[in-house]
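Please read the structure below before turning to the comments.
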Amino acid sequence: KRAYPQLEFRRLYTSHAYHSTMMEPILEEFAGVAGGITLNKPQIPYISNVSGKWISVEEAVDPAYWARHIRSTVRFSDGLDLLLAEPNATFLEVGPGRALSTFVRQHKNKTPPHLILNLLRHPNEKVTDSVHLLEKIGRLWLNGKKIDWQGFYFHEKRQRLALPSYPFQR
């Protein structure tokens, strides 16, 4: 008998295989639609899943690039190579699920100083969304990340309460 390593997996419920030849029929039409949209220079640097490298301005504003993006192999691991080269990088998954943060945790270049968090709780977690979010924000703060508390509490009115400057005595 052969022993195989245990692999984690999750069945995907999709209509067809994305980033595969099944996407070929829509590429030309997609590029045409993308060509009708004003594509601007990126304001925030990001990594291309087509190349696994930092996106260039030329790629970001090219409708043909976005059509290739639909069909090309996703170079997520190559992009992680770049990001994990930063010794204290923080990875924050802001969408539903944990797929991307799991990929980061399993990457060969991940080291203990890398902080990996997901902002949305898993449906099986037995905490409220607000508790989960506050816990993750707290972890960011504990790891030295600056939190915009004014923005976080913008909907609440805060009042200052004067307290004595000496320790309370019973």
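Using only DSSP helix segments of four residues or longer, with each worth -39500 (n - 2.57), what per-residue ellipticity at 222 nm results for the chain after dividing by its residue count and rounding to 500?
Details: 7 runs with 57 residues, N = 170.
When only DSSP H runs of four or more count, the value is -9000 deg cm²/dmol.
Under 5 Å between amide hydrogens, built in the peptide plane, is the criterion, and for GLY52 it picks out ARG75 among residues at least 5 positions away or on other chains. Rounded to the nearest Hz, the phi-derived 3J(HN,Hα) couplings of the stretch 75-89 under the Karplus curve 6.51 cos²θ - 1.76 cosθ + 1.60 (θ = phi - 60°) are 9, 4, 4, 5, x, 5, 3, 5, 5, 6, 5, 7, x, 10, 5, where x marks glycine and proline.
What is the packing order of peptides 11-23, 108-120, taking the mean over residues of other C-beta atoms within 10 Å and listing the highest first? The partial results should precede the final answer.
On the way: 11-23: 9.2, 108-120: 14.2.
Those peptides, ordered most packed to least, come out 108-120, 11-23.
With every protein chain kept in place and ligands, DNA and RNA left out, what is the accessible area per residue of the stretch 3-88? Probe 1.4 Å, answer in Å².
On the way: 6640 Å² over 86 residues.
In whole numbers, the stretch 3-88 has 77 Å² accessible per residue.
Tally Lys/Arg at +1 and Asp/Glu at -1 over every other residue whose Cβ is under 11 Å from the Cβ of GLU93; what's the total? Provide the component values of the computation, followed by the final result.
Numbers: positive: ARG98, ARG105, LYS136; negative: none.
Residues close to GLU93 contribute a combined charge of +3.
Sorted by packing (mean other beta-carbon atoms within 10 Å per residue), highest first, where do 92-98, 152-158 land?
Details: 92-98: 13.3, 152-158: 7.7.
Ranked from most to least packed, the peptides come out as 92-98, 152-158.
Eigen-decomposition of the gyration tensor built on the alpha-carbon atoms of the stretch 22-111 gives equivalent ellipsoid semi-axes of 27, 15, 12 angstrom, largest listed first. Here the chain has 58 percent of its accessible surface on carbon and sulfur atoms, given a 1.4 Å probe and all protein chains in place. Starting from a Cα-only point model with no solvent, please compute log10 I(q)/I(0) by Debye for the chain at q = 0.09, 0.10, 0.13, 0.20 1/Å. For the requested q values the scattering log ratios are -0.52, -0.62, -0.95, -1.38. About the centre of its Cα atoms, the chain shows a dipole size close to 1020 debye [charges on the beta carbon of Lys, Arg (+1) and Asp, Glu (-1) only; nearest 20 debye]. Highest average first, the peptides 67-80, 37-50 ordered by how many other beta carbon atoms sit within 10 Å of their residues are 67-80, 37-50. For GLU93, the amide hydrogen comes within under 5 Å of the amide hydrogens of LEU117, ASN118, LEU119, counting only partners 5 or more places away or on other chains and with H modelled in the peptide plane. When the pairs LYS53/LYS126; LYS108/LYS136; LYS110/LYS157; LYS41/LYS157 are compared against a 32 Å limit on Cα-Cα distance, LYS53/LYS126; LYS110/LYS157; LYS41/LYS157 fall above it.
The values are calculated or read from the model by the stated rules, or taken from the named source; none is laboratory data. The model shown is predicted, which means the values in this text are computed figures rather than measured ones. Here the Cβ is made from the backbone with ideal geometry for all residues, glycine too, and neighbour counts use every protein chain on show. The accessibility values were calculated without ligands, DNA or RNA, using every heavy atom of the protein model including side chains. Shrake-Rupley method; radii C 1.70, N 1.55, O 1.52, S 1.80 Å.
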